[in-house]
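The next block holds one structure in the form of structure tokens; read it before the comments.
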Amino acid sequence: MTDQTPENTQLFLTAAMPCPYLPGRQERKLFTHLTGRRAASLHHLLSDNGFRRSQNLIYRPACDGCSACQSVRIVAQEFAPNKRYKRVLRLNSDIAVEVCQPRATAEQFALFKRYLDARHAGGGMTQMSFVDYEYMVEDTPVQTVVVEYRLSTVPGRPLVAVALTDVMPDGLSMVYSFYDPDLDHRGLGNLLILDHIQQVKLAGLTYVYLGYWVKDSPKMAYKGRFHPLEVQRGPLGWRRLE
């Protein structure tokens, strides 16, 4: 197998498809495959330039006349939880965190399906089978973990949230996360991000990569509430979001 390097990497462009975030717009993606011994270094290089991983592909938006999707990351070492996030941490003090190898389980998949049916009904991912989910979790050419969140005070320690996370040289990249839709009052989506911030701090690293943020998309609004936040500005590199 030929190792990929920045010099020999081929980039491909997808056909235009309806944008899932902004009605009436079309999206296209620039992507390449991650293969060989240098997959991890290429992953980090492209992530630093606004790309995101999905299985053994890494991509970024390349939409005609639109740059609404912006890659964002939290500067973890400078983050201080406000009252809202302190409340989330208190509410979830009974949740235990377990870092696992990237292996798909039936328990994870059942929670995944419940989350999609409640939060993304009609979306393309709702049709995923267990085999599809298995590929999403396990088909990774880089260092990846599954972080499980369990209610420690309930018999059987039920699974209430999961984060699929890539380990980067400078932090953690949250690839995909989901949680129990019946526990909205706990703010589990925020808890997962807060826990990743804490893990990055403890490891002496710098960033939590959150993926793409779309300023005018209600689905993405939560990402803009974490500060300090940096946005990838193309040739300008990463800049603080004021």
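The values are calculated or read from the model by the stated rules, or taken from the named source; none is laboratory data. As the structure is a computational prediction, the values presented were derived from the model and not from experiment. Please note: Cβ atoms are built from the backbone with ideal geometry, for glycine as well, and neighbour counts cover all protein chains shown. All accessible areas refer to the heavy atoms of the entire protein, side chains included, with ligands and DNA or RNA removed. Shrake-Rupley method; radii C 1.70, N 1.55, O 1.52, S 1.80 Å.
Contact annotation: residue pairs with Cβ atoms under 7 Å, 6 or more positions apart or on different chains, pairing a residue in the stretch 1-26 that is at pLDDT below 75 and surrounded by 10 or more Cβ atoms within 10 Å (Cβ to Cβ) with a partner that is among the polar types (S, T, N, Q) and assigned to a loop (DSSP other than H, G, I, E, B), are 4/35. Looking only at residues in the stretch 75-129 that are hydrophobic (A, V, I, L, M, F, W, C) and farther than 26 Å from residue 144 by Cβ, the one that is modelled with the lowest pLDDT is 121. Screening residue 136 with (1) within 23 Å of residue 42 (Cα to Cα); (2) out of contact with any strand residue (DSSP E or B) (no Cβ under 8 Å at 6 or more places or on another chain); (3) in a helix (DSSP H, G or I) gives one miss only, at (2). Checking each residue in the stretch 139-179 for being open to solvent by less than 20 Å² (accessible area, probe 1.4 Å), out of contact with any Asp or Glu (no Cβ under 9 Å at 6 or more places or on another chain) and among the charged types (D, E, K, R) picks out only 166. For the stretch 112-119, check the following and say yes or no: at least one residue is part of a helix (DSSP H, G or I), of a type in the set (Gly, Ala, Ser) and surrounded by fewer than 18 Cβ atoms within 10 Å (Cβ to Cβ). Yes: one or more hits.
For residue 77, the criteria (1) farther than 18 Å from residue 185 by Cβ; (2) free of Cβ contacts under 8 Å to residues at least 60 places away in the same chain hold in every case but one, which is (2).
Residues of the stretch 211-223 being in contact (Cβ under 8 Å) with a residue 24 or more places away in the chain and either farther than 22 Å from residue 21 by Cβ or in a helix (DSSP H, G or I) (or both), which ones? Outline the logic, then answer.
Step one: of the stretch 211-223, the residues in contact (Cβ under 8 Å) with a residue 24 or more places away in the chain are 211-217, 219-220, 222-223.
Scanning the stretch 211-223 gives 219, 220, 222, 223.
The condition (being over 15 Å from the mean Cα position of the chain (by Cα) and either of a type in the set (D, E, K, R) or not in a helix (DSSP H, G or I) (or both)) is satisfied by just one residue among 146, 208, 97, 175: 97.
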